[in-house]
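See below for the structure under consideration.
Bear in mind that the values in this text are calculations on the coordinates, not laboratory data. Keep in mind that what you see is a predicted model, and the values were worked out from it rather than measured. Counting neighbours? That spans all protein chains shown, and the Cβs are built from the backbone with ideal geometry, glycine included.
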Amino acid sequence: MFRLTHARTAAVVLALLLLSAASPASVAEVVRLSKDLHVYQGTVNVGILRSGDGALLFECGDGTVADALPGLGIKKVERVLFTHHHRDQACGAARLVKAGAELVVPDAERAWFDNVESYWNDPKTRWDIYNFHPHRLMLAESVPVAATVKPGDTIDWQGARITVLDTPGHTDGSVSYLVEADGRKTIFCGDAIYDAGQIWELYSLQKGFQRGARRISDYHGFLGAQDALIESLGRLEAAGADALVPSHGNVMNDPAAAVDKLLARLETCYDRYVAISALRHYFPQLFESFQGRPGHMPIGPEIEVPKCLRHYGTSWVIVSEDKAAFVLDAGHERRIDDLKKLIESEGLTGVEGLWVTHYHDDHTAAIPLFLEAFGCPCYADEHVAEVISNPMAWRIPCISPSVAKIDKSLQHGQSWKWHEFTLTSYFLPGQTLYHGGLLVEGQGLRLLFVGDSFTPAGIDDYCALNRNWLGPGVGFNACLDLLQELKATHLFNCHVDVAFNFTAEQYQAMRDNLAEREKLFGDLFPWDHANYGMDESWIRTFPYEQEVQPGDAVTLEVVVTNHSPDARQAAARAVLPSSWQQPPTDWQTVSAPAKQETPIALRFQVPPTAKPGRYVLPVDLRHAAWLLPQFSEAIVVVK
């Protein structure tokens, strides 16, 4: 099982850091596509359309393309055309603007270039997040936009003709550029495709969708942007280009074959997801067309709920023989009134404990009011406890700013007695990585409360941003190991008002499906394990947000999850705000063991003259051969 790092281990980690002041080298080269069209293959592919000593660029990446231009006889960049707003595409834009370049961006995404502060300063983009568009991988500071383009627009530049294609999917407003120059048709297609049959990552495709009369939010929309992407890939194929040039990936000289291979893989991967998806229980009408497909696990039957349990919203209540109550998840503040009525109607002595299954706001937002109302201790698995007791330190879906006081932070397998029941806490990294299960034994029953991790239809992995890892001993494989070991008589989901269980055949079906997915999704991405393409937070910062004073010395951890089968060298540095007039922090390097989270500690000082405000600090990362500019970020609030 993966080892998760915690803030309290920072002192030990600091002693183990291998320091390096040198920047990891970026291997880049310029490839010539035709007489006047080149590709700078750096941290992203940057298209260079040359005319005399002037040029027009497609993307700019980290800006180091500027260092390669003199070798092509180019003295001035007139314009930079962007396919979408992601920070790794555009983090070098300010450098090119200072040199006189004009920026041209998709009209639908203009605000995410020249008004990014409206995103970073909006609490709705920080807390209680169920929708992930626009994506947070956007510039830390605004840059000026000279012009915007819309699908169907054409640009004539020095004899070349550029047509703007509508290619949403990777982002809502993504476009591609069909360039007709030197007798060839070349498409710069952003991150619509990486290579034949591959995409750069999957979590950007998390998006709500509608089938029939039912619409769901981004949170439930695993691969929900695939319909838009499929249409976009069709437009790329129909354009009849000689080559596709992605932002990340390889130049494709057979666009039709590359696209067809990706379409087939997307269809197969989505089918494998639906085959054991818990969402079939919640929203069966969304998956009617999948019913009866080979390899799709039948939905199991319901089991009668034991008399010692009550269910309200997302809360289960255990009632002891001597009329005491123990509650699983506080849920909405309405639960307080529900419980007071239950106490009165059944003559209960009171609420004697609260267990928290996971950090999502529909399970935690009312915890402070709940504890104030009933004065009971609060229990949670240690991973869950770390998140909900310090939410400002985390950037994960559906998190509430509400701070929970945890009285008992429990380790995996730790038990305690409560009346006639024995309660045992378990780490259950299912629906989210930060999730706990509670086994309740008593009255001849073995009841396992699985939070939101399972329904009678299968596994709750409908949100890629929840960190659902694939592989033996992690994610839902670890959960299935635990469920089969514990042999509970009943399983309970917080949102499902019935009990259920799985047969031996269903357990095997889920295991076979997850093993198949590890390979199928691995083939979909260029990384050496599927989890890199599925786990947005494989690079995260800790704390994500912290408050400081002008002149403070600050330590920030960059936590790297090495999903690879062996150790990897990893290095990180923080890019400080331009107004601080400081260079990036020195690169710090560690050896990251396989299948573990490893922190990299960065240190910097806030200038004494720093103005109060909210600052975004992007993080550059080197992981094995990958150089990933501004791939994550942290927030520093100067008070």
For region 353-460, share of DSSP beta bridges that run antiparallel, in % to the nearest 5: 75 percent
Give a residue-ordered list of calculated ³J(HN,Hα) values for region 74-84 (Karplus: 6.51 cos²θ - 1.76 cosθ + 1.60, θ = phi - 60°; whole Hz; x for Gly, Pro). 9, 9, 8, 9, 7, 9, 10, 9, 10, 7, 6
Region 309-501 - Debye-derived log10 I(q)/I(0), Cα point model, q = 0.08, 0.09 Å⁻¹: -0.23, -0.29
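What number comes out for the charge environment of THR357, summing +1 per Lys or Arg and -1 per Asp or Glu over other residues with Cβ under 9 Å away? The partial results should precede the final answer.
Details: positive: none; negative: ASP329, ASP381, ASP452.
Summing Lys and Arg as +1 and Asp and Glu as -1 gives -3.
What trypsin sites (Lys or Arg not before Pro) in region 58-138 are in a loop by DSSP, with at most 14 other Cβ atoms within 10 Å of the Cβ?
Numbers: sites: LYS75, LYS76, ARG79, ARG87, ARG95, LYS98, ARG110, LYS124, ARG126, ARG136; in loops: LYS75, ARG110, ARG126, ARG136.
Those satisfying the criteria are LYS75.
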In region 33-279, lysine pairs with alpha-carbon atoms under 21 angstrom apart (chain gap of 8 or more, or interchain): 7
Over region 33-279, volume per residue of the alpha carbon convex hull, in Å³: 121 Å³
Descending packing, highest mean Cβ count within 10 Å first, for 111-118, 145-152 is 111-118, 145-152
Using θ = phi - 60° and the Karplus relation 6.51 cos²θ - 1.76 cosθ + 1.60, list the HN-Hα couplings for region 556-573 in order, rounded to whole Hz, with x at every Gly or Pro. 10, 9, 9, 9, 9, 8, 8, 7, 6, x, 9, 5, 9, 7, 10, 9, 9, 8
Amide H contacts under 5 Å for ARG446, placed H, 5+ residues apart: THR489, HIS490
Through the Karplus equation 6.51 cos²θ - 1.76 cosθ + 1.60, θ set to phi - 60°, convert the phi angles of region 526-536 into ³J(HN,Hα) values in whole Hz; use x for Gly and Pro. x, 6, 8, 8, 4, 4, 4, x, 10, 9, 4
Note on the chain, DSSP bridge orientation, antiparallel percent to nearest 5 equals 75 percent
Charge sum, other residues only, whose C-beta stays under 14 Å from PHE525's C-beta, Lys/Arg counted +1 and Asp/Glu -1: -4
With viscosity set to 0.890 mPa s at 25 °C, what whole-number translational diffusion coefficient in µm²/s follows for region 386-455 from Stokes-Einstein and a Kirkwood radius over Cα pairs? 180 µm²/s
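Inverting the mean 1/r over all pairs of different Cα atoms, compute the Kirkwood radius of region 44-176 and quote it in Å.
On the way: mean 1/r = 0.0652 Å⁻¹.
Computed over Cα pairs of region 44-176, the Kirkwood hydrodynamic radius comes out at 15.3 Å.
Given contacts defined as C-alpha pairs under 8 Å and at least six residues apart, what's the relative contact order of the chain, whole-number percent? The partial results should precede the final answer.
Details: 1515 pairs, mean separation 77.8, N = 639.
Once divided by the residue count of the chain, the mean separation gives 12 percent.
Given the -39500 (n - 2.57) contribution per DSSP H run of 4+ residues, what per-residue ellipticity at 222 nm results for the chain, rounded to the nearest 500 deg cm²/dmol? Don't skip to the end; give the middle numbers.
Working: 16 runs with 137 residues, N = 639.
When only DSSP H runs of four or more count, the value is -6000 deg cm²/dmol.
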The summed charge of the LYS340 Cβ neighbourhood (under 14 Å; Lys/Arg +1, Asp/Glu -1) stands at -2
Suppose each label sits 7 Å from its Cα in the direction of the beta carbon; what would the ARG161-ARG614 distance come out to in nanometres? 4.6 nm
Under 5 Å between amide hydrogens, which residues at least 5 positions from THR43 or on another chain qualify, with H placed 1.01 Å from N in the peptide plane? ASP62
If amide hydrogens are placed 1.01 Å from N in the peptide plane, which non-local residues have theirs closer than 5 Å to the one on VAL559? ARG540, THR541, PHE542, ILE600
17 Å Cα-Cα reach of LYS417 towards lysines, excluding residues that sit fewer than 8 places from it in its own chain: LYS323, LYS408
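Hey, what D do you get for the chain in µm²/s if you plug the Kirkwood alpha-carbon radius into Stokes-Einstein at 25 °C and 0.890 mPa s?
Working: Rh = 26.1 Å.
Rounded, D is 94 µm²/s.
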In whole percent, what relative contact order does region 309-501 give with Cα contacts below 8 Å and a gap of six or more residues? 16 percent
